[in-house]
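The values are calculated or read from the model by the stated rules, or taken from the named source; none is laboratory data. This one's a predicted model, so the numbers in the text were calculated from it and none came from an experiment. Every residue, glycine as well, gets a Cβ built from its backbone with ideal geometry; the counts of neighbours run over all protein chains shown.
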Protein chains: 2
Amino acid sequence: MFFAMNRFRIARGREADFEQIWSERNSHLDGVPGFIEFRLLRGPEEEDHTLYASHSVWHDRDAFTEWTRSEAFRKAHAGAGARQDLYLGPPQFEGFESVLDS
Amino acid sequence: MFFAMNRFRIARGREADFEQIWSERNSHLDGVPGFIEFRLLRGPEEEDHTLYASHSVWHDRDAFTEWTRSEAFRKAHAGAGARQDLYLGPPQFEGFESVLDS
């Protein structure tokens, strides 16, 4: 199982705007082969930002990689890059393989 | 739903030792109220370390907090602090609330 996470640093006070963007988007993930689950996670509040993470779960890394090359991915990210005032820097991608569960 | 993650920076070449510690431990998580799932995740390889994350899912933040105050938590972490040679610095805890799923 593969976990794909993008970490976003959102300016304090703009959290509701950021969450609204996600709630209104069309993820185009339904029916994507190997896709299991998506969540938006709100993490720790720091002095100048709140950390968020997009958290998607995939059957394996290949399924995720295939999606990033697909038309569905292009459509899902068509609006990315707007509202730059919300962000402290670009998102940071981290991919994880599940090596143990209990 | 609450996601509790600890990020570990493991010295390059020591990844198998780190994974073995986790595979041999007793998590004492079975039957803990509000506990849903645990995984150990292996993330990106950097020049001097590989990032790992312990990834546990809870019904809510309160369930996680209760567990951290329990005897089960104390038992699960009795061996923590050993094998300091594997780690580049202390683990970094991050707790996340799920604010959206799709």
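A few comments on the model shown:
- Test for residue A:83: is it among the charged types (D, E, K, R), surrounded by 14 or more Cβ atoms within 10 Å (Cβ to Cβ) and in contact (Cβ under 8 Å) with a residue 40 or more places away in the chain: no
For (1) within 11 Å of another protein chain (Cβ to nearest Cβ); (2) within 19 Å of residue A:101 (Cα to Cα); (3) hydrophobic (A, V, I, L, M, F, W, C), each residue gets a yes or a no:
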{"residue": "B:47", "(1), (2), (3)": "no, no, no"}
{"residue": "B:53", "(1), (2), (3)": "yes, yes, yes"}
{"residue": "B:65", "(1), (2), (3)": "no, no, no"}
{"residue": "B:78", "(1), (2), (3)": "no, no, yes"}
{"residue": "B:89", "(1), (2), (3)": "no, no, no"}
{"residue": "B:98", "(1), (2), (3)": "yes, no, no"}
{"residue": "B:102", "(1), (2), (3)": "yes, no, no"}
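- Of residues in segment B:33-53 being touching a strand residue (DSSP E or B) at 6+ places or on another chain (Cβ under 9 Å) and under 18 Å from residue B:73 (Cα atoms), the one surrounded by the most Cβ atoms within 10 Å (Cβ to Cβ): B:40
- Verdict on residue A:73 being within 14 Å of chain B (Cβ to nearest Cβ) and either assigned to a helix (DSSP H, G or I) or not basic (Lys, Arg) (or both): no
- Residue in segment B:9-32 that is surrounded by 13 or more Cβ atoms within 10 Å (Cβ to Cβ), at pLDDT below 95 and either among the β-branched types (Val, Ile, Thr) or under 21 Å from residue A:52 (Cβ atoms) (or both) present: yes
- Screening residue B:4 with (1) more than 15 Å from the chain's Cα centre (by Cα); (2) closer than 16 Å to residue B:72 by Cβ gives one miss only, at (1).
- So residue B:17, is it of a type in the set (Asp, Glu) and touching a helix residue (DSSP H, G or I) at 6+ places or on another chain (Cβ under 8 Å): yes
- Within segment A:54-80, the set of residues being loosely packed, with under 12 Cβ neighbours inside 10 Å and either within 15 Å of residue A:7 (Cα to Cα) or touching a strand residue (DSSP E or B) at 6+ places or on another chain (Cβ under 6 Å) (or both) comprises A:80 only.
- Considering only residues in segment A:81-101 that are touching an Asp or Glu at 6+ places or on another chain (Cβ under 9 Å) and part of a loop (DSSP other than H, G, I, E, B), the one that is farthest from residue A:7 (Cα to Cα) turns out to be A:83.
- Boolean, residue B:42 is within 13 Å of chain A (Cβ to nearest Cβ) and of a type outside the set (Phe, Trp, Tyr): yes
- Each residue in segment B:17-52 was checked for being under 15 Å from residue B:87 (Cβ atoms) and of a type in the set (Ser, Thr, Tyr), and 2 of them qualify.
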